[in-house]
Structure formats: structure tokens, C-alpha cells
Amino acid sequence: MTTTSPLVRLSGVHKRYGGVQALRDASLTAAGGEVHGLLGPNGSGKSTLGKVLAGSVRPDAAEIALAGEPVRIGSPRAAARLGIAAVYQQLSLVPDLSVGHNLVLGSEPGRLGFLSDRAAARRVAPMLERLAPALGDVRFDDAVRDLAPGQQQIVEIGKALLRQPRVLILDEATASLHRDQVALVFEIVRELREGGATILFVSHRLDEITELCDRATILRSGVTVAETSVPDTTPDEIVRLMVGDVQAVEREHGDVPDGPVRLRVRGLAGGALRGVDLDARGGEIVGLGGLQGQGQSELLLALFGATHATGEVEVDGEPVRLASPRTAASRGIALVPGDRGTQGTLPARPIQENLAIASIAGRSRVGVLSSRRERAAAQSMVDALAIKIGSLADPISSLSGGNAQKVVFGKWLLTEPSVVLLDDPTKGVDVGAKAEIYRIVRSLADQGATVIINSSEDRELVTVCDRVLVLFEGAVRATLVGDEITEERLVQAALRIGEGDQGAPAGEDAA
Amino acid sequence: STVSNEPAASGDGDAAGPFTIGVSNGFVGSEYRTQMISDIEDAASSYQDEGLLEDLVLENADTDVNGQIQQVRNLINAGVDAIIADPNSGSALDQVFQEATDQGILVFAIDQAVTAESVINVGIDQAEWAATSAEWLAEQVGDGGQIVAVNGISGHPANEARYGAAQEVFEAAGVEVLTTADGGWDQATGQQQMGNLLATYPEIDGVWTQDGMALGVLQAVIAAGREGEIVVTGEARNGFLQLWNEQSDDFESIGVTNPPGTGATALHLAMAMLQGQEIDESQLVDGNTLVLELEEPVTNENLDAVWSEVEGEGESYVLDSILSADDVQQFLVQD
Amino acid sequence: MTATATQAAPATSFVDRVRGVRVASWATAALLVVAVVAAIALQPNLLTPYGVASTFATFLPLVLVAVAQAIVVIGGGLDLSAGAIVALSSVVAVQTMRGEDGLLLVGVAAAVATGVACGLVNGLVVSRLRLQPLIATFASASIFSGLALLVLPTPGGTVPAVLTGTFRQAIATVPMSVLLVVAVVLGWLVLRRTRVLRHIRATGGDPAASYASLVPVQSSQLASYVLSGAICGLAGLAVLGNAGSGDPFIGGDLALNSVAAVVVGGIALRGGIGSPIGAIAGAIILALSSTILFSIGLPTSWRALAAGVVVILALALSALGAPRRRR
Amino acid sequence: MTRVVAILKDPVVVAALIAVLLIAIGGILRPGFASPDQIVDMLRVASFLGIIAIGQTIVVLSGGEGIDLSVGTVATLGAILASRTMAGDDALIVPGVLLALGVAALIGLANGLGIVLLRIPPFVMTLGMLGVVGGLILVVTGGRADGRAAPALVSLVNGRDVLGLPGILLVWIVLGVVVTLVLRRTVFGARLYAIGTSREAARLSGVPVRRVTVSAYVLSSLFAALGGIAMVGYSQQVFLNLADDLTLPSIAAVVIGGTLVAGGVGGYLGSAVGAIVLTVLTSLLTTLAMPEWARIVVQGVVLIALLAVYGRQRRLRS
Ligand SMILES: Nc1ncnc2c1ncn2[C@@H]1O[C@H](COP(=O)(O)OP(=O)(O)OP(=O)(O)O)[C@@H](O)[C@H]1O
Ligand SMILES: Nc1ncnc2c1ncn2[C@@H]1O[C@H](COP(=O)(O)OP(=O)(O)OP(=O)(O)O)[C@@H](O)[C@H]1O
Ligand SMILES: [Mg+2]
Ligand SMILES: [Mg+2]
């Protein structure tokens, strides 16, 4: 495996999507036995570059060399033949197939066109065992559709590993994973590195980069702007390379504001929820902490009437019927959902429509819209949130993750909500956009709204929350207020509750 | 071994009765078929009153050949003594008809002759039917006349028999058929097709068309304001007769009757044969076909008389002719 | 946690295998039982040797087309040309066999080859031209029907006696038509263990994910149509066995009926799930429902309405029983 | 230059060009084909399909595999109810049309509720409804349609009363403009596109997904009935299967017009042009002397070619 030439060399990579130049003469060089970070803000072309190498995107121009040999990669199958495997940002599992069948998909063992499940199980068993600490009790025959998102992500990683790649691309593969799951993935990645493989690692979590990566390539607007040795670069420096000089968001929470309770919840149950009680005042930012999958997302969805739940909910002393998102919205509740792609945006529709849709009825006269008012409303949000767009008429799918997320915020800000529910609002959002989103959240609270925020990142809760409720198994088990909110305390609280009740739950519950 | 074809439960074959007769009709989307079925029901009711007919079992639905095969098998399994079918295919039901006759069930095909030898076809001669109007048209447009034809459905046996006969007539008379189009035996389609033909074949002297479309064809000709110059063959149906009647006296047409009542005629035959009478083989054409005589066609000469007679029947009425129980005796062996 | 690995053993026990076959859903199974019981109660003659043989012979074309349709639907497609393929392959077979027993095998080969060719056209149009299957196969149906009319301009031609005779044979008192339906089921059980079917299923479940997972998506789509075409070719022969003669218009209702059968059989139209066994059950349920409606002696003008209502009810039941994608 | 390319990529423009091309080809082969009268005649016939395609467009836009296979029979039923009621009398046009629309609305409601509440996929729900409505027609008519269009309706369709054009064309244009405005400029339109793009995202944006879905199917039936009524103005008498065969062409018109079968993208203008393209194609094939089998084959081949121009779905490897 010792070669003088680097294992992977990409250069002169160009890729245009309609009006968007996703990659402009991008390049990347990585050696065998190296974990190579691929960094950059949202929309800088990280995923696109990874997909070019994995064969699932056809570049307009590219030179690719593996171990010094120039290669053409025409399809994922061609990439696989060259020993390249990828874990995509969007999962590539087939939900209707079982875990085992997904793991061997595309390389099923068998003879004369007939499959052997026995051989497949033999091949898969060691991998399931290896992943068990992160995956839990998942079997060959379990349906992928029934797994929790984190478990699906692990299966996806397992699928790539089964191909024993010499180049492995991990595109935000850790974004939906919890701490211990990430630890296992890191362990495996390090083993691969020992074996001489190259790992391309994409993540927005800076600590993960510094912990794992040897070197890193930094992209900005589709151009490679720097290559650096990670251990020799400070995190601040990396951030500066990525996004230029951004003002770091200071932790900024004061005392819990007094005043009447705006949102009052009693005994909310249903699905994963087992009786949640909660009081939140106007101007307050309340975080939901705890291990992932303890009902945080379900709580937000239930409050929004998006899933079935029972219990009492009052806004400003008036009871709210948890009938549908529509009723919730009419009572001034807004939800920025966790899955931007499928829940937050209308991908093929223009940015203007995406901004307008939730507040559209309020601006109409007898059901008829004024295009002038629609445009004005949308533009006001683009300005207020500094959303970077080409034209309001462009489809929202042309925006990068961070800007798309701001559109989702804007959509709800136009309804002037008094209770704002945020489900992991900065998932997959770059450092720069993250800071802006925090400012938006803070100014919402300053204007008197109640904000409830769930986050997969403890640091986020520390940064923005006035109060954090720690959830376990569908109920609030602890509360941290003010200066108590630190990453250490959050982790401790989450784990202690778990131990106190019934031993450490491994990873996530299979919901 | 072969699955035994025992006679069906109640099909005892004796002249005793009371009998059960099944009807299979694979297309209900036309007024013609509706009239055919109600003619059969009317004819059956007198036998039912007499106690000779126990039950008239109707299988009457829009379906394809496979569906009609199932219809016939349903009738066989229901133990009928005779089946009257308006078949969706001239040949593709042969097998199932054979299954029926093997079990001693009498099978009559109406409206559309079938090739199965054990089946008795009852109906008009489609070729003769078509030749009648073709001859009339050829006479109208004369030698060297140019016409177009609006046909039913290409490949459908009745359509082929009819158009084949008409073609022969035109050839003999020196009439040139510029083109043909399929109107699907559907008035609205016929109207659309004729509209297209009128625009693109401005030189035509006449149109030959079949029943079920003639009204549409005529409407297209009228809409183009050319009813005075283009001769149109018609149909013996009230809708057409009414429009014909509304035209000026120098507008001429012809309507040859294709009677839906053949079904009822077949029922009379069936009842006679179930009661032990035998068909007179010498009168059968091609061994299994009973050709019914055509009625006098409707022309300008008799239009007023015919119209005053049928005017009250409603717009979808098709001029009809049903042989009575006595009439059908002519086809049976007299002892 | 080590249990995970040992429990990952494949489903090899008999019970697991049976479960793997997954007779669509409980709704389909229940409907099938109800339909069979009702049909027999209303029409005891169905249990006579002729009744059984003829009923299964009636099922066979729709059963075959339903299986063909199921494979395409599971692969994420739809085939509105199935009926036209049946018609075309049947007339091609009639013309090649010319009524001679000796040419039976040639006719079978011709029918299957015609079906494969049609499937290839559909598959290429859908996978390479990437046209929407519904409308693309509506268009190709027009091509196949036109060709059927060219091959056999007017109904006729005789089918070799061996072919029609086969339908009346019985082996050890079991009618041939029953055996043929059973053979279709067994054929599927073999087919489902193949790589190509796994890939068809994956492609129907999520084409993008499958493509990224090294599944030859285009080839799988193509294969689903080719396979389905071949089975439609066999259905063409089954139709000939029932009909005893050729007819270029023979398959009229088969395409839409097969879609209904597929859905009644618990197969989701969005692709990826379900089994043709369900579709076979669906086909039988639909065929029996018309027998049942006939037997209860509804006035004829109401029967079409009742048939429509029954179909909707069956669809509703199957839709409720079918597994749903998790939200 | 790039603007020209962009315009040429617009499905509506392409479809319109194809229509013009077909007329030109027809005109060269058979001079009468491009005559103003013939063009008006083809537009008249296209209007029935075009009006039915309005509803089909709305349903397809609504997404969730939206499609309405019952439009043809609903159009026939509408024509039958309206013409039996009016029975050739101008004074009874309004009750006739209202009755037809009322019954159609109920059918659309049944479709919509079946899809939304029972979760039957639209394809099979409306396929089942096709059978039910077919049965309903037989029950209502007893197998004899026996209806006659009122003279005013006939002259609306067959006359040339508006600037020398048939009034039905004006009706079609007005309906087309209104529908386009409704799609683009109303709350309903915005919500329709929203649910067509993503039911889940729309629901979480406070869109009443079920209500909009049901409305789409009700509208589909209503426009189908209107199309059927227009058609009986053309044929003057009503028949049991008057408009049955317009279902699949109405879907083809929508797809040729560039509306995405997956929903959420497209508009009515394209469908209208699609209806014209299909009608012109059928007419052209009628007037060219060729055997019927060849016409059927050519029809299929041309349809595939039309779709291949731009009706293609996304590549997996982009
Ligand atoms: N399929 C596509 N169609 C159109 N535009 C696309 C497509 N995929 C990516 N883009 C655009 O290309 C640019 C680069 O996107 P890419 O996904 O590579 O960015 P990224 O660096 O991975 O961003 P993120 O951190 O949000 O994942 C963005 O502007 C994006 O909107
Ligand atoms: N060179 C290329 N140019 C454009 N599109 C391509 C190219 N290669 C593949 N595609 C697209 O990628 C998808 C899958 O095609 P591909 O041929 O790679 O896989 P396949 O046909 O499923 O596999 P195989 O050919 O190995 O059986 C299709 O949508 C195809 O249009
Ligand atoms: Mg990315
Ligand atoms: Mg390929």
C-alpha cells in the first residue's frame, strides 16, 4: 500500500446545476492511511465533490487519479470496482428491504442469478456484531423502515464498510448520530486508516474534525481555497478559512423573564410521550435536552398537532385543541421541523411561495392573492434574515442548506407566531449560517415569543437557551436553569437519569 | 384423462321443460344492445306465462372476450338449457361454445356470426346489408363518382364483411373510394372523422357509412353546409330518420334495417328446439347459419310512412323486426 | 448484544419461508376466502369437475397478466399495454401454429418471444427514454394493438387441438387448468429468489437509493418489463386455450383489470412491496366477484353498478390492510 | 440566444410548435387540412378534451400519485343527465347543467373521500369509480340514453356566432384563463401546488391537505361534466358511451403539456395545447390514406416521440 503518489487525486472538477456553479475547478489530494476532512460552508460543494468521486454525479469536467492511475468513474458501480464506497448525506437505503438485504444490496452473494440468503447472512453477521454497540439489537430480517434514523445511518455505514473500500467517503454520516454512536464510527474509521485506506470525512461539527482528521481540504463556493494539516491548525483558524471572519455567538442568556406563562402543557402523552408537563413564558428560550430519541421531536410535533397526542395545552391561558398543524398555526404556534428536505420545504416551488405558504390566507381577499403583496412579504423576510438568493422565483432547491433553513424560519416569522417550536434548526447548517440563526432565535425571544428548541448538539443548547428540560423516555426528568446549562451538566443529566432508571440505554431506542 | 362433460344439472334435454335460457351480451354501451335485450325479455315473458320457460338468465355487461368466456361458463354452470349470445368475437368464443354444446346446451349466436359449427348463427347477411346501401350510393354518385367510407372498427368481422361487400359494389360501378376512416360505430367519433374528411377531401360526392355512425356523419355534412351536394347513406334509427325528415325533400338517403330483434327470433327458435323440434338443416348457409331476410330499406319513398309509425318510440329506437314463434316454424323440420 | 450476530441467521425454517411468501395482507386473504365460499354457496356447480376446470381456465389469463403486472408494479412501473401484448402474442402464435399440433412448441416460443419483444420496447422507453410509465405504456399499447391488427387482420385461425385440449385434460383427476395456476405460483416462488427480482424490488422501493447502492437500476427496470412481457406472452397462449381461435382485440380489459387485481392483492402502486401471490389472489377475487354478482340474480341494469361498488370495496379493504410507508 | 434556448425548452412552447408543425404537414399533404374552417373544427373538437383536461390537470398537480380515470364516464354521465333534462328545450338548459354538475360534484367528492379517508390510491379509486359511474349510467337510463341538446347549446358548440368562431372556443378560453388565474393567484392554487410538491411539508405549513385534495377531485368531476355537456352540444343527441374514450387522452394532454406526473409542477396552458396536439394528430391520421393498423401504430409512436421531447423524468446520475 505504500505508494509515492497520493491514493486519491481530484483536480479541475467543474459541475454546474442549471444556474448554480456547484464546483469550479475544485481539487483534492489525499494519501492512503489518512482521514481527510472536507470542509466548507453549506452549498460549498462538499457533497457534490464526494459524489463525483463516488460516481453518482456526472461532472462537467474532472481529472481523477487513484494511486497515480487516471480513471473515469461513470457510475457508482464503476466506483465500487475501484474500491470507492460512499455514505451519502441523503441515505441510500431501500426502506422496504430488510437490513440484511440492504447491507448486501448490489453485491448479493449467489449463483447463476439465484440468491443465497445463507451466504448473505454469513457475510453480514460479523458486521452486525461489530456495529451492535451503536445499532442495538437489529437483525438480518428486520425491516429498515422500522429503524430509528440513527440506526438507519449506522446500517448505511455498515453497507459501505462491507465493500471493504480503500477509499471511503463519509458525507455528514455523523450528523444524526449520538455521541456513543459517533465514537464507534470513529473507532472503525481509525481501523480503516490503519489498513491504509483513505477516508474523506465531511462534517459541520468542528470538534469531530479536530478529533479525527489528519489533513483537510476547504471548499468555498465550489473552489478549493486551502489544504491544511488539521493538528497544526487551530479551530478558529479552520473556521476563518471556511467562512472568513465571523463573529462567534456569545452565550447570551439572562434570567428567566417573569411575566405570565404563555405555553402551559400538562400530561401530554401519545407515541413516545409519557406525560410531559411544561411551562414557558413569553421571551423565554427553552431547550429540550437528554439522550437523542427520548421524545424531543415527538413533543414538538405533538404541540403542533402534527402527531396524535392527548393532554392539556394552553396558550396565554386559552386551551388549544391538538387537532392539526392548521389549528396550531391559527393559535400562533409555529414549527421549524427537523427534516428540512421532506418536512420544511416545497422543493420544486419558488422561494417566494415557500416563504408565503403558511401566512397566505391572511394576505388574501376572498381567496384571491395580490402578487405584489406576496412579493413584498417574501422580500421582507429575505431582507430581514439576510437570505442569499438569486431571485424569489428560483426554486428553493437551488439554495444551500443554511439559506433553505432561513426560508423555513421566514415562512413562520410571516405568521407572527407567539410560540416557536424548533426541531434541530441548525442540523447540517454551516458555522456562519448557524450564528445568524441563533441571532434570529434570540431576537424572536426578545420580541416576546416563547421558543422551544430541540437540538442534537449540546453546545447549541448551551449557547441559546435560558432553561433546558432534560427528557427521558417521553417525560421531563430534570431542569437546568441559567448558569447550570453547560455541556458537562447536560451530559451528566442525560446519563444520570438513564442510569437511575434502568441502566444505560445503548444509543437510541428503536422507536 | 379428460374432464368429463356431463350434461349440466338441469339440462335434461327432454321436451318436458320448463326450461332455462341464458343470454350473454358482452357490450352494453349501445342503444342497439339495450333494445336487443328488451326484445328478448319481451319474447320470453309469454313463455314464462305459459310455464314453459322457468328462467331467463341474463349476463349483460361491458367486457372483453375473456370476460364473455366467463359469462358463458357462468351460464353453463348455472345449468341453462340454451344460450343466446351476442358474441364479442367471431371466433374467439368457439372454444367455450363448444364446451356448452358438448354438454347438450343449445347455443345461438346473434348479431355476429361465429365459426363454431355446433352453434346456430341467426342474423341478417352483413354483406347483403352493406351491398344494399352501397348499390344505392353507387347509383346516386354514378360511374366515376368519388366517395369516402366511414367504417366501424377495422378488423371486426362484421365490419370486414360489410366493407368488403360494399367495396365490390363500388368497384363494379366504377365508384372511387378516396379513403376510409374508422368511426368506431360511435356517433360522436363518426362526426369528428367526417369533419376531418370533409375538410381534406373537398371533392367527394358521397359517403358510405354503417349504422351507429350515420347520424354523426350526416351532422358533420350538415355542419359543413354540404348536405345538398354530398350523398350520405343512412341508418334505420329514429335519430337519423328524424334529422332526415327535417331536411328538404330533395335530400335523399337510405336506411337499411339491422334488426336488434334477432335475439328474440333466436329465443323462439330455442324454445321450439328445446321442445323437441329440429332445425331444417337444408336451410342453413355454411352449415350453421340461418340468414334472415332484410326488411325493405327506408328511402325517400317510404320515409313518411315509416317515420309516422316509429316516431313515438324515442330517439334511440332502432327499426326492428322480430319473427314470431309461428314465423320461425319455417326453419324447423315439420313432421 | 452478541445475540445480534447469532440471531442474524437467515430465514430457513419452513415457517419462516411460508411467512416470507407473505400472502399479501390479511385483507386479501380474507377477501379470497369470502369470495370462494360465497361463489360455491351460490353456485354449487362450481364444484363439479367441469366447474372447477372451467373456472380455473377462466382465471388463468388474468392470473398470468396480474403476475406480469405485479412484477412491473413492484419495480416501480405500470403497464397499461399488458392487454395489447396478450393480444399481439396470441395472434402471432395463431399465425405461426396454423392449427397444426406439431407447431405447438414453435407457437409457444413465438408467443413468448413476442411478449419479450414488447416488454423490451416498454422497458427501453421507460428506462432509457425515462418516460412516465403510465402514459408511455398507454402509447405503446397503441403500437402493439396496431401490430396485432396487421398480423391477424380479422378474427380467425384455428388453435392446435393440443393447446385447447390441454385445458380439458386432468392429471390424476386434478384439472390441468388448476395445475397451471399452481404452476404459476411455483414459478414465482422460484423467480423471487433471483438477483434480478431483488434488484427489481429495490429499484421500485427507491430508485435513487438503489442506484447509489450499485443496483443496475436501468437494467432492472428493463428486466421487469421484459419478464412481464414474457408472462403476458404466456397469457396470450392461455387466452388461445380458452378461445380456440385468434382475435386481434382479445385482451381489451386485461390491463386495467390486472392493475385492480394487483391492488386487491395488497401490492402498493408506488412500488417496492408486495408479492405476485397476492396479485393471483386478487385476480381470483375479481373473477369470482363477477360470478357471485351473476349468481345472486341482481337485475341486469344494476349489476354493473354493483360490480363497480364491489371493486371499490375490495380496493378499500386491501388499501387498509396493505403495509403503509412509515411517515 | 440563451433566452431563445430557454423559451424553446418550455414544454408549452414545444407543444405549441408541434401542433403548428402537424397542421403544416397536414396542409402540405392535404391542402384542406390547414384551411381556417378545418382548424376551427379541430379546435372545436379539442375543446371537449381541453375542458376535461382542466380537471385532470388540477388532479395531477395535486400530487400523491393524483390521477382521475373516471373523467370519461363522468363526462358521459354529465352529458346524459343534462341532455335528458333539457330534452331539446332552451328553457331547461340551466336545470340540466346544474343537475349534471351536482351529480358530478358528488362523484368527485366520493373519489376524494375514498382517496383521503380510505387511502385508496387515486389510480384505483378512480378506476373503481369508472365502473360505478358506468353502472350508474345504465341504472339512470335503463340502457337508452335518449337525450337531446337544447338548440342554444348546439349553436354554442356548432355555430360560429362569436367573431365567426364557435362560442365554445370562447367558453374554453375563459375557463382556461380563469383556471390559470386560480392556480397562480389564489390561496387554493398556492395550496394545490404545495400539496403536490410535498404533502408532509404542506401539512406542516398549515395547509389543509385533505380539503384541498378532495376539492381537486370535485373540480375534476365538475370539469369532466362540463366537457361532456359541451360534447352533447356537438353531437346533439346523447349516447351511452359518448365521452368514455377521452380519459386517457386527457392524461396524455396533461403530460404532453409539461405538467409533472409527480405533481406540483405545471399549469393548464400546457394541457390545453396538449389537447390541441392530440386532436390535430388524430385528425391528421384520419385524413392520410393508410391502413387502420398503421394509423394506430403511428399514433402510438408519435405519442412516445412527443413525450420523449421533454416529458422525460430526471436522470438518476445528474
Ligand atoms: N441536484 C442538484 N440540483 C441543483 N442544484 C444542486 C443539486 N445538488 C447540489 N446543488 C447545488 O450545488 C451547490 C453545492 O451543493 P452541495 O450539496 O455539494 O453542497 P455542500 O457543501 O454539500 O452543502 P451542505 O453542507 O449543505 O451539505 C449548492 O448550491 C446546491 O444548491
Ligand atoms: N454517461 C452517462 N451520461 C448520462 N447519464 C448517465 C450516464 N451513465 C449513467 N447515466 C444515468 O444513470 C442512471 C443509471 O444508468 P447506468 O447505466 O449507470 O446504470 P444501469 O444501466 O442501471 O446499470 P448497468 O448498465 O450496469 O446494468 C440512468 O438514469 C442513466 O441515465
Ligand atoms: Mg452536503
Ligand atoms: Mg448502464
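Percent antiparallel among DSSP beta bridges with both residues in chain B, to the nearest 5?
Of the beta bridges lying entirely in chain B, close to 10 percent run antiparallel.
Counting each DSSP H run of 4 or more residues in chain C as -39500 (n - 2.57), what helix-only mean residue ellipticity at 222 nm follows after dividing by all residues, to the nearest 500 deg cm²/dmol?
The per-residue figure over chain C is -23500 deg cm²/dmol.
List the pairs from A:K159/D:K9; A:K15/A:K434; A:K46/D:K9; A:K159/A:K388 whose alpha-carbon separation is above 32 Å, in the order I gave them.
A:K159/D:K9; A:K159/A:K388
Checking an interface number: how much accessible area is buried between C and D, summed over both chains, with a 1.4 Å probe, in Å² rounded to 100?
3900 Å²
At 25 °C and a viscosity of 0.890 mPa s, what translational diffusion coefficient does Stokes-Einstein give for segment A:340-416, taking Rh as the Kirkwood radius over Cα pairs? Give it in µm²/s as a whole number.
After rounding, the answer is 201 µm²/s.
Got the relative contact order for chain C handy, in percent, Cα pairs under 8 Å and 6 or more residues apart?
34 percent
Once you treat every alpha carbon in segment D:2-317 as an equal point and sum by Debye, what is log10 I(q)/I(0) at q = 0.09, 0.14, 0.15 Å⁻¹?
-0.45, -1.10, -1.24
Just the Kirkwood number for segment D:24-89, please: inverse of mean 1/r across all distinct Cα pairs, in Å, one decimal.
For segment D:24-89, the Kirkwood estimate is 14.6 Å.
Roughly how big is the B-D contact, given as buried accessible area in Å² (both sides, 1.4 Å probe, nearest 100)?
2700 Å²
Straight distance only, please: which aspartates and glutamates reach the Cα of A:K51 with their own Cα at less than 16 Å, same-chain residues fewer than 8 apart left out?
A:D25, A:D60, A:E63, A:E156, A:D171, A:E172
Whole number in Å², please: accessible area per residue of the protein assembly as shown, 1.4 Å probe, ligands, DNA and RNA not counted.
36 Å²
Please give the residues from segment C:233-282 for which the solvent-accessible area of heavy atoms, probe 1.4 Å, is smaller by at least 50 Å² with all protein chains in place than with the chain isolated.
C:N242, C:A243, C:F249, C:I250, C:D253, C:L256, C:L269
Starting from a Cα-only point model with no solvent, please compute log10 I(q)/I(0) by Debye for the protein assembly as shown at q = 0.06, 0.09 1/Å.
With one equal scatterer per Cα and no solvent, log10 I(q)/I(0) is -0.64, -1.25.
What accessible area, summed over both chains, is buried at the C-B interface (1.4 Å probe, Å², nearest 100)?
That pair hides around 3200 Å² of surface in total.
Comparing D:Q38, D:Q56, D:Q237, which has the greatest mean-square fluctuation in the GNM of chain D with Cα pairs linked when under 10 Å apart?
Looking only at D:Q38, D:Q56, D:Q237, the largest GNM fluctuation is found for D:Q38.
Once Lys and Arg get +1 and Asp and Glu get -1 on their Cβ, which of A:A125, C:A314, C:T166 lies farthest toward the positive end of the dipole of the protein assembly as shown?
A:A125
Which net charge results when you count Lys and Arg as +1 and Asp and Glu as -1 among the other residues whose beta-carbon is under 14 Å from that of B:L198?
It works out to a net charge of -3.
Give the average, rounded to an integer, of partner chain Cβ atoms located within 10 angstrom of each Cβ in B:149-157.
Neighbouring Cβ atoms belonging to other protein chains average 4 per residue here.
Only helices at least 20 Å long along their axis, Cα-based, and averaging -0.5 or more on Kyte-Doolittle count here, so list those DSSP H runs from chain C.
Result, helices passing both filters: C:26-42, C:49-74, C:82-97, C:104-127, C:133-151, C:176-191, C:217-243, C:276-295, C:300-321.
Which residues' amide hydrogens lie under 5 Å from the amide hydrogen of D:L240, considering only partners 5 or more residues apart or on another chain, with H built in the peptide plane?
Long-range HN contacts for D:L240: B:E31, D:A145.
Hey, can you grab everything whose amide H is under 5 Å from the amide H of A:I452? Only 5+ residues off in sequence or another chain; H modelled, so Pro and N-termini drop out.
Amide H neighbours of A:I452: A:V286, A:V420, A:L421, A:L422.
Pop out a list of residues from segment B:72-99 that are at least 30 Å² less accessible with all the protein chains around than in their chain alone; 1.4 Å probe, no ligands or nucleic acids counted.
Residues shielded by partner chains are B:R73, B:N74, B:N77, B:S91, B:A92, B:Q95, B:E99.
Please compute the Kirkwood hydrodynamic radius over segment A:31-146, one decimal place, Å, based on all pairs of different Cα atoms.
Result for segment A:31-146, one decimal place: 16.7 Å.
Using amide H atoms built 1.01 Å from N in the peptide plane, name the residues 5+ places from B:A236, or on other chains, whose amide H lies under 5 Å from its own.
Amide H to amide H, under 5 Å and 5 or more residues apart or across chains, B:A236 pairs with B:V256, B:N258.
Projected onto the charge dipole of the protein assembly as shown (+1 at Lys/Arg Cβ, -1 at Asp/Glu Cβ, origin at the Cα centre), which of C:L240, D:L240, A:A79 gives the Cα projection farthest towards the positive end?
A:A79
Per residue of A:341-353, count partner chain C-beta atoms within 10 Å of its C-beta, then hand back the mean as an integer.
Per-residue shielding by partner chains comes out at 5.
Ignoring ligands, DNA and RNA, what percent of the 1.4 Å accessible area of the protein assembly as shown is carbon and sulfur?
Carbon and sulfur atoms account for 56 percent of the accessible area of the protein assembly as shown.
When the helix-only estimate is applied to chain D (DSSP H runs of n ≥ 4, each -39,500 (n - 2.57), divided by the residue count), what is the mean residue ellipticity at 222 nm, nearest 500 deg cm²/dmol?
Mean residue ellipticity at 222 nm (helix-derived): -24500 deg cm²/dmol.
Which residues of segment D:135-153 show a drop of at least 50 Å² in accessible area when all protein chains are present, compared with their chain alone (probe radius 1.4 Å, heavy atoms only, ligands and nucleic acids excluded)?
At a threshold of 50 Å² (probe 1.4 Å), the residues of segment D:135-153 that become less exposed are D:L138, D:V139, D:R144, D:D146, D:R148.
Calculate the dipole size of segment A:340-416 relative to its Cα centre from +1 charges on Lys and Arg beta carbons and -1 charges on Asp and Glu beta carbons; express the result in debye to the nearest 20.
So the magnitude is around 100 debye.
Report the net charge of residues surrounding B:V217, where surrounding means a beta-carbon distance below 13 angstrom and charges are Lys +1, Arg +1, Asp -1, Glu -1.
My count for the surroundings of B:V217 gives -3.
Calculate, for B:E168 and B:A305, the FRET efficiency according to 1/(1 + (r/R0)^6) with r their C-beta to C-beta distance and R0 41 Å; round to the nearest 0.05.
According to the calculation, E is roughly 0.85.
Below 15 angstrom from the Cβ of A:E187, what's the summed charge of the other residues (Lys, Arg +1; Asp, Glu -1)?
It works out to a net charge of -2.
What are the semi-axes of the equivalent ellipsoid for chain A, taken as the square roots of 5 times the Cα gyration tensor eigenvalues, largest first, in whole Å?
Equivalent ellipsoid of chain A: 39, 28, 22 Å, largest first.
Which value at 222 nm does chain A reach when only helices count, each DSSP H run of 4 or more adding -39,500 (n - 2.57), with the total divided by all residues and rounded to the nearest 500 deg cm²/dmol?
Helix contribution divided over all residues of chain A: -10000 deg cm²/dmol.
Taking springs between alpha-carbon atoms closer than 10 angstrom, which of C:V259, C:V34, C:V190 fluctuates most in the Gaussian network model of chain C?
C:V190
How high is the relative contact order of segment A:261-365, given as a whole-number percent (alpha carbon pairs under 8 Å, six or more residues apart)?
It rounds to 23 percent for segment A:261-365.
Among C:L150, C:V73, A:S44, whose Cα projects farthest towards the positive end of the dipole of the protein assembly as shown, with charges put on the beta-carbon of Lys, Arg (+1) and Asp, Glu (-1)?
Final value for the positive-end residue is A:S44.
So, with +1 on the Cβ of K and R and -1 on the Cβ of D and E, and no other charges, what is the size of the charge dipole of chain B about its Cα centre, to the nearest 20 debye?
That gives chain B a dipole magnitude of about 1000 debye.
Against the longest alpha carbon principal axis of chain B, how many degrees, from 0 to 90 and to the nearest 10, is the axis of helix B:262-274 turned?
In chain B, helix B:262-274 runs at an angle near 20 degrees to the longest axis.
Please report Rg (one decimal) and Dmax (integer) in Å for the Cα set of chain C.
Cα only, chain C: 20.0, 70 Å (Rg, Dmax).
The values are calculated or read from the model by the stated rules, or taken from the named source; none is laboratory data. Here the structure is a predicted model, which means the values were calculated and not measured. Because the Cβ atoms are built from the backbone with ideal geometry, glycine has one as well, and the counts that use them run over all protein chains shown. Accessible surface is based on the protein model in full, side chains and every heavy atom, while ligands, DNA and RNA are left aside. Shrake-Rupley method; radii C 1.70, N 1.55, O 1.52, S 1.80 Å.
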